[in-house]
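Structure first, then comments.
The values are calculated or read from the model by the stated rules, or taken from the named source; none is laboratory data. This is a predicted model, so every value here is computed, not measured. Quick reminder, even Gly has a Cβ in these numbers, built from the backbone with ideal geometry, and neighbours come from all protein chains shown. Quick note on the areas: whole protein, heavy atoms, side chains included, nothing else; ligands and nucleic acids left out. Shrake-Rupley method; radii C 1.70, N 1.55, O 1.52, S 1.80 Å.
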Amino acid sequence: MLIRRAEINFSVVVDLRVANGRVAAIAPQLLAQDHETVIEANGAALVPGLRDHHLHLASLAASRSSLRCGPPQVHTAAQLAALLGAQGEGCGWVRGIGYHESVAGEIDRDWIDCHLSNRPVRIQHRGGRLWVLNSLALQVLGVDEAGADPLERIGGRLSGRLYDNDRWLRQRLGRERPNLAGVSLHLASRGVTGLTDASPNNGPEEVRWLRQAQQRGELLQELLVMGDASLDDFGMEPAASDTVASSLRIGPRKFHLHEAHLPDYEQVCAGIRQARQAARNVAFHCVTRAELVYTLGALREAGVSAGDRIEHASVTPPELLEEIRELGLTVVSQPGFVAERGDSYLEAVEADDQPWLYRLRAFVDAGVPLAGSSDAPFAEAEPWQAMQAAVTRRSAAGRSVGAAEALSPEQALALFTSPLDTPGQAPGRVEVGAVADLCLLDAGWKSVRLDLAAARPRLTLRGGQVIWAG
Ligand SMILES: [Zn+2]
């Protein structure tokens, strides 16, 4: 394939040839070979394929057929009640996502029963760690009031709440897995060629499922799969494979902390050491100051390995940022949260923590490797909108959220172009010999950088193959 007159690395306009999955030649002018596909870029920017360094594929695919139960679609108890009430006509499970207590407080089975009782309902809190089930759902799942299951009981009675146990729910619901074609194509249309699935419960079964989805052509992106200790000995493909087709690798062991129920400290330290034995990095979910303090303590005690990650780093005051830098950790942030959730952060987050929310610039200035991601489905799978939020630091209502943390458009793009295996390290460049993971935009960088959210990829290549053409 010959791409004519593309602007690369924010500067020169060149002709570029893709062959055998790689960028084969770059020159001011290249002659088309016989039968070669020719794409006229007309001076539009050609950037490295984007990487979303933290999302959850199965939930993202499932969320497409789910009810939105929280902001920005639903704001009040009455709205949610009406939305649920309207489902009474259908049949089968109702799956809700994105619930937040600002809508109707700490809802339980009784609250849902009041509005929808003739279909099994499960509603996920937007933080991803809580499901609330109605009474029929408990019945359908075969839950016994006195049973030995992980559901919450208050005064001996099931509240309908299930914390931190997606695996139990999945087992009870059966093994049906969502089709990934829709989300994969959507991401390809945004120029995304690589993904990290950060689900903490990923095990061998999930890895096999994802690999098969790639082999069927349902999942078009290269994939790094985080997960639990059960992936320590799972047959890994070599990280530095030379074949473009080799596109699924096992990533860090994920530790999912929750401030209210922090795990046994010694066990976490032992878990880190165990990951080392399997030559794995570790990644810690840290959305509060206390979770970050706990994590840094454990890592200091058990030892850091280059490539260990802090996911989210939602609240990072200066002394903890300094410790992250000192320990040599990588931070994987979600700049899109500032746009999508900024208004509720400004109301709900303590004043002391406000300046330290989803910091970006401070990490870059301190030399901490910083990568970007969506955390979809907990935010939209829209990397260009997330990049624009990194530049403007504006909430949906247009309020400023930590303006000092704003990045330049080029820095924002770099968050999404470092390799999956080294997030936050040197971003990809369009150069001869590079794997042809590329995204051709519809305008030159000078105009694209004015509003990244409006960027429209025209063509996405993964390993030299077209995975999306607009
Ligand atoms: Zn996540």
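Here Ala397 fulfils each of the conditions (1) away from the ligand (no atom under 16 Å from the Cβ); (2) of a type in the set (A, V, I, L, M, F, W, C); (3) assigned to a helix (DSSP H, G or I) apart from (3). Does any residue of region 317-332 turn out to be surrounded by fewer than 20 Cβ atoms within 10 Å (Cβ to Cβ) and either outside the structural domain of Gly402 (by TED's automatic domain parsing) or within 15 Å of the ligand (Cβ to nearest atom) (or both)? Scanning region 317-332, I find no residue that is surrounded by fewer than 20 Cβ atoms within 10 Å (Cβ to Cβ) and either outside the structural domain of Gly402 (by TED's automatic domain parsing) or within 15 Å of the ligand (Cβ to nearest atom) (or both), so the answer is no. State yes or no: is Ser65 at pLDDT below 95, away from the ligand (no atom under 16 Å from the Cβ) and not β-branched (Val, Ile, Thr)? So Ser65 fits the description; yes. When the residues of region 400-418 are filtered to those that are touching a residue at least 40 places away in the same chain (Cβ under 8 Å), crowded, with 21+ Cβ neighbours inside 10 Å and closer than 24 Å to His186 by Cα, the one that is farthest from the ligand (Cβ to nearest atom) is Leu413.
Taken over region 136-161, the criterion of being open to solvent by less than 80 Å² (accessible area, probe 1.4 Å) and under 21 Å from Gly92 (Cβ atoms) is satisfied by Leu136, Ala137, Leu138, Leu141, Gly142, Val143, Gly160. Set side by side, the residues Thr295, Thr288 differ, and just one is of a type in the set (Val, Ile, Thr), within 16 Å of the ligand (Cβ to nearest atom) and closer than 22 Å to Asn202 by Cα, which is Thr295.
For region 112-148, which residues satisfy the criterion of being within 30 Å of Leu257 (Cβ to Cβ) and without any contact (Cβ under 8 Å) to a residue 12 or more places away in the chain?
Residues satisfying the conditions are Gly147, Ala148.
Taking the criterion of being within 16 Å of the ligand (Cβ to nearest atom), among the hydrophobic types (A, V, I, L, M, F, W, C) and part of a strand (DSSP E or B), the only residue of region 42-58 that qualifies is Leu55.
Just checking, which of Ile39, Ile26, Ile97 is within 16 Å of the ligand (Cβ to nearest atom), open to solvent by 10 Å² or more (accessible area, probe 1.4 Å) and in contact (Cβ under 8 Å) with a residue 60 or more places away in the chain? Selected residue: Ile97, the only one of Ile39, Ile26, Ile97 that is within 16 Å of the ligand (Cβ to nearest atom), open to solvent by 10 Å² or more (accessible area, probe 1.4 Å) and in contact (Cβ under 8 Å) with a residue 60 or more places away in the chain. Quick check on region 301-310. Is at least one of its residues within 16 Å of the ligand (Cβ to nearest atom) and in a loop (DSSP other than H, G, I, E, B)? Within region 301-310 (the criterion being within 16 Å of the ligand (Cβ to nearest atom) and in a loop (DSSP other than H, G, I, E, B)), the answer is no, since none of the residues qualifies. For region 188-203, the tally of residues that are open to solvent by 10 Å² or more (accessible area, probe 1.4 Å) and within 10 Å of the ligand (Cβ to nearest atom) stands at 2.
Tell me, which residue of region 162-187 that is farther than 30 Å from Ala386 by Cα and touching a residue at least 12 places away in the same chain (Cβ under 8 Å) is surrounded by the most Cβ atoms within 10 Å (Cβ to Cβ)? My answer is Leu162. Residues that are at pLDDT 95 or above, closer than 14 Å to Pro335 by Cα and surrounded by fewer than 24 Cβ atoms within 10 Å (Cβ to Cβ) do not occur anywhere in region 423-430.
Before we move on, is Gly303 surrounded by fewer than 19 Cβ atoms within 10 Å (Cβ to Cβ) and either in contact with a Pro (Cβ under 7 Å, 6 or more places away or on another chain) or closer than 27 Å to Leu130 by Cα (or both)?
Values: surrounded by fewer than 19 Cβ atoms within 10 Å (Cβ to Cβ): yes; either in contact with a Pro (Cβ under 7 Å, 6 or more places away or on another chain) or closer than 27 Å to Leu130 by Cα (or both): no.
It is false that Gly303 is surrounded by fewer than 19 Cβ atoms within 10 Å (Cβ to Cβ) and either in contact with a Pro (Cβ under 7 Å, 6 or more places away or on another chain) or closer than 27 Å to Leu130 by Cα (or both).
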